[in-house]
Amino acid sequence: MRIVIAEDQVLLREGLRMLFVDGGHEVVAALGDADGLLDAVTTYGPDLVVADIRMPPTHTDEGARAAQAIKRAHPELGVLLLSQHIETQYVVELVSLGGFGYLLKDRVLDVAEFLAAAERVARGGSALDPQVVAGLMARRDPLETLTDRERGVLELMAEGLTNNGIAKRLYLSERTVEAHVRHLFTKLDLPESEDGHRRVLAVLAHLSAATPRNPAR
């Protein structure tokens, strides 16, 4: 992959750069803020952008807003946001565009899993941190109709796992997982699809209907 990194902490920025290079990828630009991110994408044509959500000057949502601009201008480009905090304001909108991931920074410590998530996002898939998924789902009334097992399956679907991946994670047969998926889609009035990524988008699009909008600042 060709990667652009935007991270204001020098040590983490360099650590990410080395991690990707050691993984056989090319880091074409490494920035300390979000201001030049869209220009860097236009200049270098990367496969993936990895950006911190909170960057200068206000350290609030510069990275997330830059991600929105990038996805609108380059919808095919993968964008992976990193944060030390769970912030769900932009998640549903961005993941609905495809090729989007949001991980807490401590996930970087599991190098193999982190690289796999980054590669999945670059290919147009999704990668959501389990804590972010749990935060999104905990507040939503439509999910009250699901059993604990169906809720667990839906959480793993939202993380981007296929039926086979869910079966391995939960130590179930793939046929059992398929049955749970059919049931939860019926309960949530969502159409089935063989495309794992489309299933994630459908689930999160449904969840977005119950997402409270933040007041304008």
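The values are calculated or read from the model by the stated rules, or taken from the named source; none is laboratory data. Being a predicted model, the structure only gives us computed values, none of them experimental. When we count neighbours, we look across all protein chains shown, and the Cβ atoms used for this are built from the backbone with ideal geometry, even at glycine. When the accessible area is computed, the model is the full protein with side chains, heavy atoms only, and any ligands, DNA or RNA have been set aside. Shrake-Rupley method; radii C 1.70, N 1.55, O 1.52, S 1.80 Å.
Descriptive notes on the structure:
- Residue-normalised accessible area of region 38-167, expressed per residue, 1.4 Å probe, Å²: 41
- Legend: residues 183, 74, sorted from most to least accessible area (1.4 Å probe; ligands, DNA and RNA excluded), read 183, 74.
- Highest-first arrangement of 53-63, 148-158, where packing means the average Cβ count within 10 Å: 148-158, 53-63
- Distance between the modelled labels on residue 11 and residue 72, one decimal in nanometres: 3.7 nm (7 Å Cα→Cβ projection).
- Among the protein heavy atoms, those of residue 159 account for about 20 Å² of accessible surface (1.4 Å probe, every chain in place).
- Three-way shape call for region 1-111 based on the alpha-carbon gyration tensor, with the a/c threshold at 1.5: rounded
- Take residue 14: with every protein chain present and a 1.4 Å probe, its accessible area is about 70 Å².
- Rolling a 1.4 Å probe over the protein heavy atoms leaves residue 187 with an accessible area of roughly 90 Å².
- Gyration tensor verdict on region 54-125 (Cα atoms; rounded if a/c is under 1.5, prolate if a/b is larger than b/c, oblate otherwise): oblate
- Charged side chains reduced to their Cβ positions (Lys and Arg at +1, Asp and Glu at -1) give region 1-160 a dipole of some 240 debye around its Cα centre.
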